[in-house]
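What follows is a set of notes on a single structure, which appears directly below.
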Amino acid sequence: MGHSRPSPRRESSRWRGHGALLCTVLLAATPAGAPRGISNPLLASGPDPWIVRAGAVYYHTHSTGDGLEIWKTRDLGDLANAEHRVVWRPSPPAANGQAIWAPELHRIGGHWYIYYSAAASGHDDDAHRGIFVLENTASDPLAGRWIDRGKLLTAHPGIDGTTFAYRGRRYFVYSPYVGADSALAMVAMADPVTLTGAETIIARPEHDWERQGGRQILEGPAFVEGPRGDLFLSFSGSACWSDGYAIGLLRAAPGADPLKAASWHEHRDPVLATTPDKGIFAPGHNSFFTTPGGATWTAYHANPRAGMGCGAARAVRIARVRWDGAGQPRFDPSAE
């Protein structure tokens, strides 16, 4: 049994207008493009945000429901006014014809790839969800031609695929539907569009905070390597319509085999959760990016008030990730 989310595309044109009004820049970005003095939210609507930097340029994408759209800017504080365009839409009927969620933009081997979740036309249910890939050989992902590379052959239906490289090998992580749970699974990749070998379930929803909203869910994995070589996978726990939805963290020691479940150890409590005094409710589905100076940041979505569910109110926010003396990440939602 899986979970489903309302398609956000019906609200997309309204979201962009609100984002232009609500995103306030306190200080201009530095010439190198570092996000300084930015006030959250960057966009008033933007579920499942993903930010990646290429040189001095930031590229952003998020779930819109019926296609894939990319924003391009040198100033994250002005993301609401950034150049953006739809780069792909499905041609139903198709295995990826609807419920298009959680796009991620990756630069691998000089090519751009978008990994995204979708459901088969006419079957908007968990049994028909999977992760698909597009490829673009252009240097700018807003240019060139996006080629559909099809569906990744995961062992289970699932959503929220991501990829990372470690010690010369590439891995894929996603949220499969396994019985009553949405878990986290990992598998090696032969190349950016091909899985190889057996999958390993590396985490299941075991804590109370991961079982809020009537479901048992781990989803939205994102990878970051710590300054001491530790491997970290963040994830979102619980149903996205619950204010208990929050961001958790898995850690593996330097040199550990990522494909072994025993390598991963979960922080018992979430690292970013509902914080009413900061106007953050149900934070989740984060991604990591760096600024030109090497600082680590995370982008995530959150509601501005309680009880708003997983709809159009999920705004794009960023937070600084600071590393403590033990090489562990600390999430600072102030974004200053």
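What to note about this one:
- When the GluC sites (Glu not before Pro) in region 189-261 are filtered for DSSP coil states and for at most 15 other beta-carbon atoms within 10 Å of their beta-carbon, the remaining sites are Glu206.
- Comparing mean-square fluctuations of Gly77, Gly55, Gly226 from a GNM of the chain with C-alpha springs under 10 Å, the top value falls on Gly55.
- Each Lys or Arg adds one and each Asp or Glu subtracts one; over the other residues with Cβ under 13 Å from the Cβ of Asp230, this totals 0.
- Taking the 1.4 Å solvent-accessible surface of region 251-336 as the whole, the part contributed by carbon and sulfur is 51%.
- Chain lengthening between Arg228 and Leu259 when straightened (0.36 nm per residue, less Cα-Cα): 9.2 nm
- Farthest towards the positive end of the charge dipole of region 24-176, among the residues Pro41, Phe172, Gly55, is the Cα of Gly55, using unit charges on the Cβ of Lys, Arg, Asp and Glu.
- Between the listed residues Gln216, Ala80, Pro276, the Cα displaced farthest toward the positive end of the dipole of the chain, a dipole computed from Cβ unit charges relative to the Cα centre, is found at Ala80.
- Ratio Rg/Rh [Cα only; Rh per Kirkwood] for region 96-158: 1.02
- Just checking the listed ones, Val193, Val86, Val321: in the Gaussian network model of the chain with Cα springs under 10 Å, the one fluctuating most is Val86.
- Computed [θ] at 222 nm, deg cm²/dmol, the chain (DSSP H ≥ 4; -39,500 (n - 2.57); rounded to nearest 500): -1000 deg cm²/dmol
- Given charges at beta-carbon only (K, R positive; D, E negative), |dipole| of region 102-223 in Debye: 420 debye
- Extension gain for the segment Ala127 to Ala295, taken as residue separation times 0.36 nm less the Cα-Cα distance, is 56.5 nm to one decimal.
- GNM result for the chain, Cα springs below 10 Å: residue of Ala261, Ala118, Ala185 fluctuating most strongly: Ala261
- Of the trypsin sites (Lys or Arg not before Pro) in region 243-283, the ones in a loop by DSSP (not H, G, I, E or B) with at most 13 other beta carbons within 10 Å are Lys260, Arg268.
- Qualifying trypsin sites (Lys or Arg not before Pro) in region 142-217, DSSP loop, other Cβ atoms within 10 Å at most 12: Arg145, Arg167
- Net dipole in debye of the chain [+1 Lys, Arg Cβ; -1 Asp, Glu Cβ; about Cα centre; nearest 20]: 520 debye
- Modelled this way, with points 7 Å down the Cα-to-C-beta line, the labels at Thr137 and His267 are 4.2 nm from one another.
- Basic side chains Lys and Arg get +1 at the Cβ, acidic Asp and Glu get -1 at the Cβ, and with that the dipole of region 74-118 about its Cα centre reaches some 160 debye.
- Average accessible area per residue (Å²) across the chain - probe 1.4 Å, nucleic acids and ligands excluded: 38 Å²
- The three principal axes of the C-alpha atoms in region 179-336 carry coordinate ranges of 43, 43, 30 Å, sorted with the longest axis first.
- Long-range Cα-Cα pairs in the chain (distance over 35 Å), rounded percent: 12 percent
The values are calculated or read from the model by the stated rules, or taken from the named source; none is laboratory data. Keep in mind it's a predicted model, so treat the numbers as computed, not measured. Note: ideal-geometry Cβ built from the backbone for every residue, glycine included; neighbour counts use all protein chains shown. We work out accessible area using only protein heavy atoms, side chains counted, and drop any ligands, DNA or RNA first. Shrake-Rupley method; radii C 1.70, N 1.55, O 1.52, S 1.80 Å.
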